[in-house]
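This report concerns only the one structure given below.
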Amino acid sequence: MAQPFLKKDDDHDDEADYSPFLGIEKGAVLQEARVFNDHQLDPRRCSQVITKLLYLLNQGETFTKVEATEVFFAVTKLFQSRDLGLRRMVYVIIKELSPSADEVIIVTSSLMKDMTSKTDMYRANAIRVLCRITDGTLLTQIERYLKQAIVDKNPVVASAALVSGIHLLQTNPEIVKRWSNEVQEAVQSRAALVQFHALALLHQIRQNDRLAVNKLVSSLTKGSVRSPLAQCLLIRYTSQVIRESASNTQTGDRPFYDFLEGCLRHKAEMVIFEAARAITELNGVTSRELTPAITVLQLFLSSTKPVLRFAAVRTLNKVAMTHPIAVTNCNIDMESLISDQNRSIATLAITTLLKTGNEFSVDRLMKQITTFMSDIADEFKIVVIEAIRSLCLKFPLKHRSLMNFLSNIIREEGGFEYKKAIVDSIVILIRDIPEAKESGLLHLCEFIEDCEFTYLSTQILHFLGIEGPKTSDPSKYIRYIYNRVHLENATVRAGAVSTLAKFGAMVDSLKPRIFVLLRRCLFDTDDEVRDRATLYLNTLGADGAVVETGEDVKEFLFGSLDIPLVNLERSLKNYEPSEESFDINSVPKEVKIQPLAEKKAPGKKPTGLGGPPPGPPSTIDAYEKLLLSIPEFANFGKLFKSSAPVELTEAETEYAVNVVKHIFDGHVVFQYNCTNTIPEQLLENVTVIVDASEAEEFAEVASKPLRSLPYDSPGQTFVAFEKPEGVPAVGKFSNMLRFIVKEVDPSTGEAEDDGVEDEYQLEELEVVAADYMLKVGVSNFRNAWESMGPDCERVDEYGLGPRENLAEAVNAVINLLGMQPCEGTEVVPSNSRSHTCLLSGVYIGNVKVLVRLQFGIDGPKDVAMKLAVRSEDEAVSDVIHEIVASG
Amino acid sequence: MESCPSIKNILLLDSEGNRVAVKYYSDEWPNNSVKEAFEKSLFSKTQKTNARTEAEIAMFESHIIVYKFVQDLHFFVTGAENENELILVTVLQGFFDAVGLLLRGTVDKKEALENLDLILLCLDEIVDGGIILETDANVIAGKVASHSIDAAAPLSEQTISQALATAREHLARSLLK
């Protein structure tokens, strides 16, 4: 701690005595406020009492309604005094007391008198006070004075009126809008801040009129705006205009870019920075446009002022997410910031470097981070961990050093959120990088040896139970798990017992040893632990004979409940203990479909440059369970892929419908998720009539209607098609929602008995080639490519025609093929003339496919592409080419 | 981002994190206990940093906070997460320097409390309902100090400091008794 603090602490007692407010009491001060009523006012004494009242309010003291009213009335008496200082305090306390409407009337006349006073200070403050406390009715009376004040030659008065106008625009827009002529005049004011306030108000008055804003910006960017603050505002408005015009003008140079670039040479730092930031945030900014902005930000990085360094590094950090190459020039300056005194700056610098670094700089960076981790706060550590996780997914070859780093920091002190971030990262790395699995699992094992968080221990034990038995030497995990049974609390012990059982079920050679361990758990002090041990011993058949574990047992141990847990929880809560035992079959299986936005929620996952990991596997599991539970679809076999939901209706229509395409080997099932958004209607017998005349290879085999669809409670209806086995048939389907609609009385919620049959046209739906492709990443594309060999390689070249830019062409091909981009190659540096993109996936029939795409811009905008496909089956390689050729 | 730059609060705390004077312009902090909790945790987060020569900056509960310390006084200005940091620091510097002028260079808690009326008026002149009114310390101090001079008198540096001196002495004496 700094020296002066210590010194202050020493004489703290003395210091406290000096406080003029020591021992101040609300009651006493309110008593003192009676001096306001004296006939002969003592301005100095009154000022002191007001200061005391303000002090109390400032310390968080509250006045009751009665007290506030009393003080307010007393204060109004003070308008008699002609003392300037006292009047100034009166203005402040009136604002603080925020009087009610009937009280305001008392001071209105006094304030209106001050508004027309010759004293500038009176006019300015009276305007601010009156506009703060007034309601709409009074405003029309004083409007004339306000309009005059806006163009007052005293800048303080003009600013007061303009700022009040900004506040009043929220409550009385129609009145303030009438002032635009005066405000327009004030924009031309020579006083810097008047210009700033006038510009802010004028823009707010006109913000819904795009043409007017455009005109305002065009005229001001040519002229000279004096105040830096006004200039910052103008930059904001300019970028708004650029953003809105981008969709209209496709040609040539960006309008107003020159203005922004010119602002980079302004003398005020706040303007330079505002302009640099605006440039980096332009939609689809090119590297040519970025360069000057990056250059000034780079200069800021070495400023002596922490605020400048922070502002610059924060902006560059954002730029690095989309244009890592553009920021690499700043890497040297950025590295010197790793040791910055200000930890926010250091963290931002580190994470920026992690985003811009290449494979070779990883090791060096990790070394620097290790020295730095111990002295930053947890929340910064989490930011670093997340950056490292996406780095690892970007450079899977570096998993060893990154995993080591994670395992080192997990042993250090840290809070729950921090540890959880590390564990989550290790789990993601294990999932996405097969080579990292064994070392990752061991790190987790070591972590639970000394983990103080029950939640994390049980999560890890569960994860071990799933992944551990699949490793080359499952036995080495047993010790770690069994140790938990000895040393932990009941929750963790129970988790460990379940994990042991999973090892027993999966690895027959371990069974005898597992049985011994489980039997010891029969003497545990906790009910749950004993129960679990007994249960598993019985299900695994611990009667001495080592038999192969039956499918149903495995299903029991590993399968997920095909019941939504929320539903189960609700049913269990409703269950009243009785003779009748709880019937799990009575739990409704209807899944409440999450709104689409929520499904995208796992946005916490690394979205930066690391290829986004395939969606949570649980979704497809859930779909599979759901489909298998429908008897008509039970014999379709294994679900190959479920698409993301495709909307078939516009947003905010009467019925919202989206569809999920489920692909089986010989069938396709469309799952229509319907939501009824009309409270007065109940839909019954909801089906979708599908016209497959444009999908020749498909034949409808079954459909499952939805019995009833009440308001705002989503439901599903299904239609199944047969298609040639293993063939990636494509086609277009038109859809019609058919249902019986019944009126619902909104007050009682009861539906009428009679319904009317009705139809509702939905949008078309297509089954495309990409639906037959699973996004499956590979950790090391080159290895996978080499080991696949050139036997089934097919290479050809295509012209993609004119494209906006390379990125658009790359995205189009990725979407067409529906494959997983590898090693972050889906990101195209802006303005590059060529690009290589690597994709991997699994085609229907479980055929691994790797694709290498080389793009080049040929001529002005023509994109050419060389497509090389390797797969395990020549025919599939050909199919990929066909998809591209026909797409 | 099209909006006008806005200030969420200005805080002046002492060396233990207690309030000297605070002003909130945003309703993100609905009541006094929430405000106090914010001040306490902000104070404990920043107290170990060296913000005495240059203003420092921190991200805290998705706000941007710039701050500067002198003696046993801690000055803070809070803005939105996406606010231009340099605008915030201009406001902070304006407040900081204006207080320095008004307290005639003796900037510490004791002086600040003895001249609390000047500090409160100073806050009132810098920001109005979140909108920046003035950032030039001389202008701010001038407006605050002008309150004890006759309106007709010319407003030069000389008279400001004279007026200040008398006003301060009178106030301090009477508050202390």
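Read-outs: derived from the displayed coordinates by stated rules, not from any lab. Predicted, not measured: the structure shown is a model, and the values here were computed from it. Here the Cβ is made from the backbone with ideal geometry for all residues, glycine too, and neighbour counts use every protein chain on show.
Assorted remarks:
- The Cβ shell under 12 Å around A:GLU694 holds other residues with a net charge of -4, Lys and Arg each +1, Asp and Glu each -1.
- In degrees, nearest ten, helix A:565-574 long axis to first principal axis of chain A (Cα): 80
- Charge dipole magnitude, Cβ of K and R +1, D and E -1 - chain A, Cα centre, debye nearest 20: 4680
- Mean partner shielding of peptide B:49-55, defined as the number of other chain Cβ atoms within 10 Å of each residue Cβ, is 4.
- When A:TRP785, A:TRP179 are sorted by how many other C-beta atoms sit within 10 angstrom of their C-beta, beginning with the fewest, the order is A:TRP785, A:TRP179.
- Estimated at 0.36 nm per residue, the fully extended path between A:THR304 and A:ASP531 surpasses their Cα-Cα distance by 75.2 nm.
- Exercise: per-residue mean of other protein chain Cβ atoms within 10 Å, B:86-93: 5
- Peptide A:302-315 has a mean of 5 when you count, residue by residue, the C-beta atoms of other protein chains within 10 Å of its C-beta.
- Subtracting the Cα-Cα distance of A:LYS367 and A:ALA490 from 0.36 nm times their residue separation leaves 40.3 nm of extension gain.
- With a cut-off of 12 Å between beta carbons, the residues surrounding B:SER62 carry a summed charge of -4, where Lys and Arg count +1 and Asp and Glu -1.
- Only Cα pairs under 8 Å and 6+ residues apart enter the sum, and on that basis the relative contact order of region A:33-120 stands at 33 percent.
- From phi via Karplus (6.51, -1.76, 1.60), per-residue ³J(HN,Hα) for region A:105-111 in Hz, x at Gly/Pro: 3, 4, 8, 3, 5, 4, 5
- Above-threshold pairs, the threshold being 22 Å between Cα atoms, out of B:LYS40/B:LYS109; A:LYS381/A:LYS420; A:LYS420/B:LYS40; A:LYS638/A:LYS723; A:LYS420/A:LYS775: A:LYS420/B:LYS40; A:LYS420/A:LYS775
- Taking θ as phi - 60° and the Karplus parameters 6.51, -1.76 and 1.60, the scalar couplings of region A:842-854 work out to 10, 8, 3, x, 6, 9, 6, 10, 10, 10, 10, 10, 10 Hz in sequence order, x denoting glycine and proline.
- On the beta carbon distance between A:ARG803 and A:MET321, with R0 = 25 Å, the FRET formula returns roughly 0.60.
- Backbone phi angles across region A:721-735, fed through the Karplus curve with coefficients 6.51, -1.76 and 1.60 (θ = phi - 60°), yield HN-Hα couplings of 10, 9, 9, x, 4, x, 9, x, 5, 10, x, 10, 10, 9, 10 Hz in residue order; Gly and Pro are listed as x.
- Sparse-neighbour loop sites [trypsin sites (Lys or Arg not before Pro); region A:820-887; at most 10 other C-beta within 10 Å; DSSP]: A:ARG833
- Among A:358-367, A:317-326, sorting by the average number of other beta carbon atoms lying within 10 angstrom of each residue, highest first, gives A:317-326, A:358-367.
- Descending semi-axes in whole angstrom, ellipsoid equivalent of region A:348-411, from the Cα gyration tensor: 17, 13, 10
- For GluC sites (Glu not before Pro), the sites in region B:64-143 that DSSP calls loop and that have at most 12 other Cβ atoms within 10 Å are B:GLU81.
- For A:LYS848, distant residues with modelled amide H under 5 Å away: A:TYR843, A:GLU872
- Principal axis box of region A:772-886, alpha-carbon based, largest edge first, Å: 40, 27, 23
- Loop-resident sites, region A:385-470, for GluC sites (Glu not before Pro), counting at most 10 other Cβ within 10 Å (DSSP): A:GLU413, A:GLU452
- Based on Cα atoms of region B:65-121, Rg over Rh with Rh as the Kirkwood radius reads 1.01.
- Once the Cβ-Cβ distance of A:ILE584 and A:PHE73 is raised to the sixth power relative to R0 = 60 Å, the FRET efficiency obtained is 0.30.
- The distance separating the Cα centre of region A:829-887 from that of region A:183-227 comes to 52 Å.
- Cα coordinate range in region A:636-767, projected on the principal axes (Å, largest first): 53, 26, 26
- Sequence of A:LEU299, A:LEU97, B:LEU120 once ranked by neighbouring C-beta atoms within 10 Å, starting from the fewest: A:LEU299, A:LEU97, B:LEU120
- Semi-axis lengths, largest first, of the ellipsoid equivalent to region A:89-228 are 28, 17, 11 Å, with √(5λ) applied to each eigenvalue of the Cα gyration tensor.
- Relative exposure of A:SER336, A:SER164, judged by other C-beta atoms within 10 Å (fewest first): A:SER336, A:SER164
- Taking amide hydrogens as placed 1.01 Å from N in the peptide plane, the amide H of A:LYS641 sits under 5 Å from those of A:ILE663, each at least 5 positions away in sequence or on another chain.
- Highest average first, the peptides A:786-792, A:821-827, B:46-52 ordered by how many other beta carbon atoms sit within 10 Å of their residues are A:821-827, B:46-52, A:786-792.
- Region A:179-230 - Debye-derived log10 I(q)/I(0), Cα point model, q = 0.19, 0.24, 0.25, 0.28 Å⁻¹: -0.57, -0.91, -0.98, -1.19
- Hull volume per residue, based on the alpha-carbon atoms of the protein assembly as shown and their convex hull, is 234 Å³.
- Summed residue charge, Cβ within 11 Å of A:SER110's Cβ, Lys/Arg positive, Asp/Glu negative: +2
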